[in-house]
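One structure is given below, encoded as C-alpha cells.
Since every read-out is calculated from the coordinates, none of them should be taken as a lab result. What you are looking at is a predicted structure, and each value in this text was computed from that prediction instead of being measured. FYI the Cβ positions are ideal-geometry reconstructions off the backbone, even for glycines, and counts take in every protein chain you see.
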Amino acid sequence: MKNSNFIQRSVIAAPAFLKEIIFSEEIALRSGFLQSLDPRIKSLTFLLLIIQVLLSQSISVLSFFYALCLFLAVISKVKLGFFLKRTWIFIPLFSLFIAIPAVFTLGPAAVSVFVVRVLTCVSYAVLLSITTRHFELLRVLRIFKIPQIFVMTLEMCYRYIYLFVEIIEQTYQAVKSRVGVLAHYKSGQRIAAWNIASLWNRSVKLNEDVYQAMLSRGYHGEAVAWNDFKIKTRDWLWLSTVVMIIWKI
Amino acid sequence: MVIYGSNDHMENIIFELKDVHFSYLGKFPALGGVDIKINQGQKISVIGANGTGKSTFLQILDAIIFADQGSVSFCNEQLNEKLFDNEEFSRNFRRKVGFIFQNPDVQLFCPTVKEDIVFGPLQLGFAKEQIQKRLDKLIDALGIQDLLNRPPYQLSIGEKRKVAIASTLIIEPEILILDEPTAGLDPLTTRHIIDLLIQENINGRTIITSTHDLHIVEEISDLVYVFGHQRKIVKSGLAGDILNDTALLTENNLVHIHSHKHKDKTHIHPHLHLDHHGENH
Ligand SMILES: Nc1ncnc2c1ncn2[C@@H]1O[C@H](COP(=O)(O)OP(=O)(O)O)[C@@H](O)[C@H]1O
Ligand SMILES: [Mg+2]
C-alpha cells in the first residue's frame, strides 16, 4: 500500500518537477537586468566571471563574487529564496562526496575555499541558465563556433527529455483511466521499463526521419544559423564593467 | 494504365516513374511497381487506405529515399542518390520541390518556430532580406505571429501543421508535396489549408497531396490516383469519376458500411466519408 502510493506520487510529481525546472522560461521572460542583455555578451561575461572564480584562492575575493552574483539575481527579478534553494541543493551532495573526504588531506580552510568556489560557480551557471531562454543559449553556442554536432546533440537531448516527460505523463494518465489508479508497484516498474524501451525505438526512428526532413529543406552537412542578436550600449557598459572588476582583482 | 494529359505534348512532365519498387530495410515491401507521370501545374492527389505506400511514394518524389527498382525521373533527369552529392543539383532540386511531412514533429526540429521556418531558405542560400520579407508575408497569411518564439514541440497539432507548411512554403517551391496535410485538424483549419493550397495552385504551383479524407479530394485534385493493397496504383481518373465509383472505394477501404438511425428508423448504407460530418446524422 505504502509502496504503490509512493510510486504514484513520484510518478506524477517527477515529470511536473522536471518540466518546471527545465522547461519553464518564466524567469527568462521577466524584464530584469540580465534579461535585457544580449545573450552573447551575457554568456561571454559569465564565462569570464566563472574562470576568474575558478582561479581565485582567497576567500574574500570569492565572497565578493558570490555577493555580486546574488546582487545580479536580485536586479534580474529572481527571488533570492528561490535562487538560494536551487543553488544550495548541490552543496550537501557535493560535500558528502568530495569535500568531507578532502578535510582529512587538505584541512578545513582549503576545503571551505573549495566549497565557496563551487557554490559561486554553480550560482553563476544557474543564474545564466534561468535568465536566458534555452534557444538563445543554444544559438550562442553555435555563434561561438562550438562544433555543430555538439550543439545538435544538446538540442536533441533537450527534445528527448521533453518527449520522455510527456510520455511518462501520458502513460500514467492512460493507465490511470483504465485501471483507476496505478495498481501495483511491480506493474508500475514494468510500465516504466517498457516506456524506456519504446522511447529508445522512437528516438532512433525520429532521428532518422528528422534527418530526412532536414535534407528535404536543403541541409547539407553544416546548418546555417540565423543571427538577429543586437548589441546595445548597455551591453558594452556591462562588458567593460566585468573586465574592469576582473582586472582590478 | 490510362495516363491523363498525355494527349498534349506541350505539357511539361515533371515527374515520371516507371515500375518503381521500394522496400524498407530490404524486407518490408512498401511500393510494388508504381507508374505515373505528373505534369507541371497539375494538382493531383493519391488516396488509399493506411499502409498502401502513399508516404513512401511521396518520399521517393522528394528524393529523400530512392527506388530499389524501376526509374524515377525529374524534368527528364534520372534521379539517384549519387546525383545529390552534387551540391548544385541538390540545391536546385530542393529549391524546386517542397515536402510537408505527415508527422509535423519530424519536420520541426529547431528550438523555435521562427528558426524552423527560416531553416530551409538559410540552408539554400537565400538573402536575408528576402527571407525576412517572405517570413512576414507567411506570418500574416497563416496567423502565426504569436507562435514565433515558442518551441514547436509544445504547440497543438493544428499549430504544428501550420508551422510545418510555413517552413516549406517560405522556399516558394514550384512543386509542393503534402502528406496528409489535414489529418487531425478541425474543419475550420482544414478549410484554411485547402484554400491556401488552391491559391498556390492558381499561382502556378504543382500540388501533390496524399490523403484518405475524401472530403477534400475534389477540391485539391484534377486527377486522383488510388493506391491499393498491392501497394501500387490500381486506378486513376478525374476526381468526380473516382469519387462516384463506390465499388472501387469500398474495395480499397476508403468507405465503410454504416447503419444510422433517422427518426427511429435504421438505415444501412455505404458510408462515404464525404457526408461524414453531415449534421443530420
Ligand atoms: N520505416 C519503416 N520501416 C519498415 N516498414 C515501413 C516503414 N515505413 C513504412 N513501412 C511499411 O511500408 C508500407 C507503406 O507505408 P506508408 O508508405 O507509410 O503507407 P501510407 O502512407 O499509405 O500509410 C506499410 O506496410 C508500412 O508498414
Ligand atoms: Mg502515410
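Mean per-residue shielding of peptide B:107-116 is 6, counting Cβ atoms of other chains within 10 Å of each Cβ. For the segment B:120-130, counting C-beta atoms of other chains within 10 Å of every residue's C-beta and taking the mean gives 3. When the inverse distances between all different Cα atoms of region B:220-259 are averaged and flipped, the Kirkwood radius reads 10.6 angstrom. Look at where the Cα atoms of region B:28-44 and of region B:50-111 average out, and the two centres are 12 Å apart. Around the amide H of B:Ala30, modelled in the peptide plane, lie the amide H atoms of B:Phe22, B:Ser23, B:Tyr24, all under 5 Å away and 5 or more residues distant in sequence or on another chain. For chain B, the longest stretch holding no trypsin sites (Lys or Arg not before Pro) located in a DSSP loop with at most 11 other Cβ atoms within 10 Å is which? For trypsin sites (Lys or Arg not before Pro) (loop position, at most 11 other Cβ atoms within 10 Å), the longest site-free span of chain B is B:28-262. In a Gaussian network model over chain B where Cα atoms closer than 10 Å are linked, find which of B:Pro181, B:Pro111, B:Pro121 has the largest mean-square fluctuation. Fluctuation is largest for B:Pro111.
Residue by residue, region B:240-250 carries 3J(HN,Hα) couplings of x, 5, 5, 5, 8, 8, 4, 4, 4, 5, 5 Hz when phi is fed to the Karplus relation 6.51 cos²θ - 1.76 cosθ + 1.60 (θ = phi - 60°); x denotes Gly or Pro.
Any of A:Lys248/B:Lys114; A:Lys77/B:Lys162; B:Lys96/B:Lys162; A:Lys85/B:Lys162 with alpha carbons more than 31 Å apart? Name them for me. Please report the intermediate quantities before stating the final value.
On the way: A:Lys248/B:Lys114 42 Å; A:Lys77/B:Lys162 35 Å; B:Lys96/B:Lys162 20 Å; A:Lys85/B:Lys162 41 Å.
Among A:Lys248/B:Lys114; A:Lys77/B:Lys162; B:Lys96/B:Lys162; A:Lys85/B:Lys162, the Cα-Cα distance tops 31 Å for A:Lys248/B:Lys114; A:Lys77/B:Lys162; A:Lys85/B:Lys162.
Summing charges over neighbours of A:Ser76, with a neighbour being any other residue whose Cβ is under 11 Å away from its Cβ, gives +4 when K and R count +1 and D and E count -1. Roughly how far apart, in whole Å, are the Cα centres of region A:34-84 and region B:202-227? Here the answer is 58 Å between Cα centres.
How would you classify chain B from its alpha-carbon gyration tensor, with a ≥ b ≥ c the square roots of the eigenvalues: rounded for a/c under 1.5, else prolate if a/b is greater than b/c, otherwise oblate?
Details: a/c = 1.82, a/b = 1.19, b/c = 1.53.
Since a/c reaches 1.5 but b/c is at least a/b, the shape of chain B is classed as oblate.
Taking B:Ala30, B:Ala247, B:Ala183 in turn, the Gaussian network model of chain B (Cα-Cα springs below 10 Å) assigns the largest fluctuation to B:Ala247. Determine the shape class of region B:31-72: with a ≥ b ≥ c the square roots of the Cα gyration tensor eigenvalues, call it rounded for a/c under 1.5, and otherwise prolate if a/b is greater than b/c, oblate otherwise. In terms of gyration-tensor shape, oblate. Rounded if a/c is under 1.5, else prolate if a/b beats b/c, else oblate: with a ≥ b ≥ c from the C-alpha gyration tensor eigenvalues square-rooted, which is region B:99-144? Oblate, since a/c reaches 1.5 and b/c is not below a/b. Karplus-derived 3J(HN,Hα) values for region B:215-225, using 6.51 cos²θ - 1.76 cosθ + 1.60 with θ = phi - 60°, are 4, 9, 4, 4, 6, 9, 9, 7, 10, 10, 10 Hz; glycine and proline are entered as x. Extension gain for the segment B:Asn149 to B:Phe66, taken as residue separation times 0.36 nm less the Cα-Cα distance, is 26.3 nm to one decimal. Distance between the 7 Å Cα→Cβ label points at B:Gln130 and A:Lys145: 2.8 nm. Structure remark: mean-square fluctuation, Gaussian network model of chain B, C-alpha springs under 10 Å; the largest value among B:Phe57, B:Phe66, B:Phe109 belongs to B:Phe109.
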